[in-house]
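The values are calculated or read from the model by the stated rules, or taken from the named source; none is laboratory data. All values reported here derive from a predicted model rather than from experimental measurement. All Cβ positions, glycine included, derive from the backbone under ideal geometry; neighbour counts span all protein chains shown. Accessible surface is based on the protein model in full, side chains and every heavy atom, while ligands, DNA and RNA are left aside. Shrake-Rupley method; radii C 1.70, N 1.55, O 1.52, S 1.80 Å.
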Amino acid sequence: METNLFRYVWEKSRSEQVIVLLIILVSIPFNWASFDVPKRIVNDAIQGRAFRDGHTTATLMDITLSLPAFLGGASFRVSEGIQVGQLGLLFWLSGYFLLLVLINGAFKYVINVRKGILGERMLRRMRYDLFSQLMRFRPEDIRAVKPAEVASMIKDEVEPIGGFVGDAFIQPVFLLSQALTALVFIMVQSVWLGSIALMIVLAQAIIIPILRREQLRLGRERQIASRQLAGRIGEIVDAGPTIQGHGATTYVQSDIAGRLGRLFDIRYALYKRKFAVKFLNNLLAQITPFFFYAVGGFFALQGRLDIGQLVAVIAAYRDLPPPIKELIDWDQQRNDVTIKYEQVISQFNAEETVELDEADGVARLPETGEIRLDGVQMLDNRGQPLLTPLSARIPRPGAVAVIGPHGGALEVLGRILGRQAMNYSGRIMIDGAPLSRMSVERASHLIGYAGNEAEIIAGTIRDNILLPLKRRRPSLRPEGKVAPGEQRRFVEAIRSGNTPLPFEADWTDYEGAGVADDAALAARIRAVLDVLGCAEDVYELGLDGKVTVGLRAEAKAQIIVARKAVAEELGRSKLAGLITPFDPESYNANATIAENLIFGARMGPRFANETLLFEPYAYAILKAESLVEPLVEVGSRIAATVVEIFAGLPQGHALFERYSFGSGLDFDRLGELTTLLNKHDMRVPLDAMAERDLVALALGYIEPKHRLNLLDQRLQQRILRARQSFKAHLPADAAEDVHFYDPEKVMLGASLRDNLMFGRIGHSISDAGRKVAVIVRKALARAGLDGDLYRIGLDTDCGIRGRFLPTRLKLAVPLAQALIKAPQIAVLDMGAFLATSAEPDQIIGRLREHCAGMTLFLLVGDASLVADIPLRIVFDGPSGTIESEDGKHARNGAAAPLQRRNGGERMEARP
């Protein structure tokens, strides 16, 4: 990017700057006229100078146009004007002054609006340019930057730069035009008064910038300290769980407190300097009227200056200090912003960058070819070898096994082949084209890489798997009528230097994936997940997925059909006792007290267990049915029992999971409640917070699971009565917060599994969950809901960095991304993923079959999984040995050209 801010601004906004500058030039005569009219009002209208020599009227609007002498000097009278008296002249001139005020105000409005729009467009352009520049970094350079610092620079640090961009050329010209107009007008009226004003202005222009240099230095220190603080906070947040685990929270809090203290000291010194400069600036600005009144009054008394001129000078000076002050502020802002711009740009102008796009699109490689490695090696930042020189010639297509311990040279070679590391020496040639010089677009089409780290973005599983296919640029030619909003978005994107391609359009590269439409693409996703053995994991996520309002009506009807099929299947298999169905007239022993009370899926936090007692409507129902005291008693007995059971047990013990009541209370809080209850005087009401927590404990109680013998028939009947009251009197504003259980309707907000079971699995039956899962799958297949279940699974939110996904599926997403785009070269690091699988050899077999037409690099730690692959690169530390089927090998890249023999799959190494 351009390193000079003013060159950058002028290159990117020249035409708009020129338009605003022309508007400023047009406004100058009107500004001058607004200074002159007060003099005419005082001299001609009030003092009557226009009515000297016995004249009772004055002429207004007498307009005559005269040609220059070289054109003949002829005159043309446009208007003879009108005759007015002294009062009429006063009103006409006052109206003229008001008109000039409105015109000048309109000029300022237009200039400021256009300047603001220009600044916002340039801010948008600058942020986009910085982000685009970041995308041109080499992969290892992107990993080296701190995300928090980069985000802070793009979002926050360029904000004042963008605000200044609109002022870069326009503001000084506009302010100078105002200041010079006022100063020249004062000079015309009185040279002495003009000279005084000029000296004060020069003093401000010279002294104030000198005093502000220290202010600028402190501002730079503040910016650097703020950026470092943001980066340090980002690091601590990333390592937050580890810091908590090691008990180092106080230590890092001290670090942040120290950084905040240093930042405070800088800001404190900055504020003292800032307001000292402001005081001096205001003093110089306010002392000038003293000279005007004293010197100007003296001249007026001597007759060397009339009253009208003095009033006009004072009125003109009123408009002189503000632009001078703003010019000084602009100069300080210029210095400050220029430094900020240079600092930001220095972080984004990397020495080596990559090309993003291909000018003529990406053509596929020929069906056969060669990948050549010539002395490829990589060193770390201390000069120690991560990969010693490696040379090989690998024909395409084919399979190559890369074997070695993970985290060493195996991973380094994988990143190099996947173009995720470019700071290596040597060359990698693909059909004679160097890999390092390929554009990002071409390399991403040809190569599919999956490392051992799952880089998952926020979104659904489907979004993440299809991310590599979001590369087909949508057409800019609209189909049908263009909406006004879309047209404005397009124009603004162009004027701001952003891409006009709409994010909402379909970017999916169907052709690159080898499919024709969405249905074929969905089938391909399924095929890729089947290869990885993860389709069942997606189905499980689908069963746990929430049924939402947006689900298709046919799917909702099919869920009801499948629900009945599940009940029938349970009856046929004589396993009906596995599930206790939801019955409006009976208490479900395998459900919590809260579920029995509300008897519906809760759509939001309003009726959560933790705060149910503080919800006015729920509290009224519990109070009316006399349930508050019994639930407090149940909670008290739970707390006492759990504290007694857990005493002395280590964290993570199996009993912790069994006796979790869904209340979010930790063991310490339970101990506090027990202590409070032991000391409680029964004659005094219980503390409200303690009562709330005890009720929350009771609401999560399930008798067959917890087996504390706390529920009797009488309490169950009272809960059933409360259930009827809760549903019958539910206020209208809570209708969207609960979806009541109904055997003929889907339960919105509940999982698909709960919808199909329409009940709760018995806690007293061993292995009940697995048996029910088998029956549910059979019922879904019979009802034809497999596809909907699979779609719900793919639409599961991954969370930040995939934290909502099971480990196996989280590791499978990068592999699926590499395979979904059908690359010609696939580099797959399988170590971590295979460690989570019970059938690694079968996955390798399916992968090889799926990638039969590709050049497949399989990075594994267990050599037995790839024993039948004829070509292997085996690492022992940073050194690699290339082995072929016949036992010949080359070590450390002694030239090892590998060729097909007789068209077969067998390969050999020739020394």
- prompt: Filter the range 431-459 for residues that are assigned to a loop (DSSP other than H, G, I, E, B) and of a type in the set (D, E, K, R); which is farthest from residue 375 (Cα to Cα)?
  reply: 455
- prompt: In the range 555-607, how many residues are more than 30 Å from residue 692 (Cβ to Cβ), of a type in the set (Gly, Ala, Ser) and more than 39 Å from the chain's Cα centre (by Cα)?
  reply: 7
query: Among the numbered criteria (1) open to solvent by 40 Å² or more (accessible area, probe 1.4 Å); (2) touching a His at 6+ places or on another chain (Cβ under 8 Å), which single criterion is violated by residue 590?
result: (1)
query: Do we find a residue being open to solvent by 30 Å² or more (accessible area, probe 1.4 Å), more than 17 Å from residue 825 (Cβ to Cβ) and assigned to a loop (DSSP other than H, G, I, E, B) anywhere in the range 389-405?
result: yes
message: Among the numbered criteria (1) out of contact with any strand residue (DSSP E or B) (no Cβ under 6 Å at 6 or more places or on another chain); (2) closer than 25 Å to residue 124 by Cβ; (3) not charged (D, E, K, R), which one does residue 468 miss?
response: (2)
query: Looking at 749, 769, which is the one that is crowded, with 16+ Cβ neighbours inside 10 Å and either assigned to a helix (DSSP H, G or I) or touching a strand residue (DSSP E or B) at 6+ places or on another chain (Cβ under 8 Å) (or both)?
result: 749
- prompt: If you check every pair at least six apart or on different chains, which have Cβ atoms under 9 Å apart with a residue in the range 190-203 that is farther than 15 Å from residue 280 by Cβ and open to solvent by 30 Å² or more (accessible area, probe 1.4 Å) first and a residue that is outside any loop (DSSP other than H, G, I, E, B) and at pLDDT below 70 second?
  reply: 192/295; 192/296; 192/299
- prompt: Taking residue 758, is it surrounded by 16 or more Cβ atoms within 10 Å (Cβ to Cβ) and either closer than 30 Å to residue 785 by Cα or within 35 Å of the chain's Cα centre (by Cα) (or both)?
  reply: yes
field: Flag for residue 161 being free of Cβ contacts under 8 Å to residues at least 60 places away in the same chain and either within 21 Å of the chain's Cα centre (by Cα) or surrounded by 16 or more Cβ atoms within 10 Å (Cβ to Cβ) (or both)
entry: no
field: Options 141, 129; residue that is more than 20 Å from residue 333 (Cα to Cα) and touching a strand residue (DSSP E or B) at 6+ places or on another chain (Cβ under 9 Å)
entry: 141
message: So, in the range 71-108, exactly how many residues are more than 17 Å from residue 34 (Cα to Cα), open to solvent by 90 Å² or more (accessible area, probe 1.4 Å) and either in a helix (DSSP H, G or I) or modelled with pLDDT of 85 or more (or both)?
response: 2
query: Does residue 41 satisfy the condition of being at pLDDT 80 or above, in contact with a Leu (Cβ under 7 Å, 6 or more places away or on another chain) and not small (Gly, Ala, Ser)?
result: yes
- prompt: Just wondering, is there one or more residues in the range 26-40 that are free of Cβ contacts under 8 Å to residues at least 40 places away in the same chain, crowded, with 16+ Cβ neighbours inside 10 Å and touching a helix residue (DSSP H, G or I) at 6+ places or on another chain (Cβ under 6 Å)?
  reply: no
- request: State whether one or more residues within the range 57-64 are in contact (Cβ under 8 Å) with a residue 40 or more places away in the chain, surrounded by 14 or more Cβ atoms within 10 Å (Cβ to Cβ) and either farther than 30 Å from residue 176 by Cβ or within 43 Å of the chain's Cα centre (by Cα) (or both).
  value: no
Every residue from the range 683-725 that is open to solvent by 30 Å² or more (accessible area, probe 1.4 Å) and not in a helix (DSSP H, G or I): 683, 684, 685, 686, 687, 707, 708, 709, 712
- prompt: Can you tell me which residues in the range 785-795 are closer than 28 Å to residue 238 by Cα and open to solvent by 30 Å² or more (accessible area, probe 1.4 Å)?
  reply: 795
field: Residues that are closer than 21 Å to residue 430 by Cβ, assigned to a loop (DSSP other than H, G, I, E, B) and either touching a His at 6+ places or on another chain (Cβ under 9 Å) or open to solvent by 10 Å² or more (accessible area, probe 1.4 Å) (or both), drawn from the range 821-869
entry: 821, 822, 823, 824, 852, 853, 854
- request: Within the range 799-820, count every residue that is surrounded by 22 or more Cβ atoms within 10 Å (Cβ to Cβ) and not in a helix (DSSP H, G or I).
  value: 1
Among residues of the range 790-816, those that are farther than 30 Å from residue 559 by Cα and touching a strand residue (DSSP E or B) at 6+ places or on another chain (Cβ under 7 Å), counted: 2
task: Give the residues of the range 413-428 that are open to solvent by 10 Å² or more (accessible area, probe 1.4 Å) and either aliphatic (A, V, I, L, M) or not in a loop (DSSP other than H, G, I, E, B) (or both), sorted by residue number.
output: 415, 417, 422, 425, 426, 427
Qualifying positions in the range 609-626 - without any contact (Cβ under 8 Å) to a residue 24 or more places away in the chain and either open to solvent by less than 20 Å² (accessible area, probe 1.4 Å) or charged (D, E, K, R) (or both): 615, 623
- request: May I ask you to say which residue of 476, 501 is open to solvent by 70 Å² or more (accessible area, probe 1.4 Å), assigned to a loop (DSSP other than H, G, I, E, B) and either among the aromatic types (Phe, Trp, Tyr) or farther than 30 Å from residue 409 by Cβ (or both)?
  value: 476
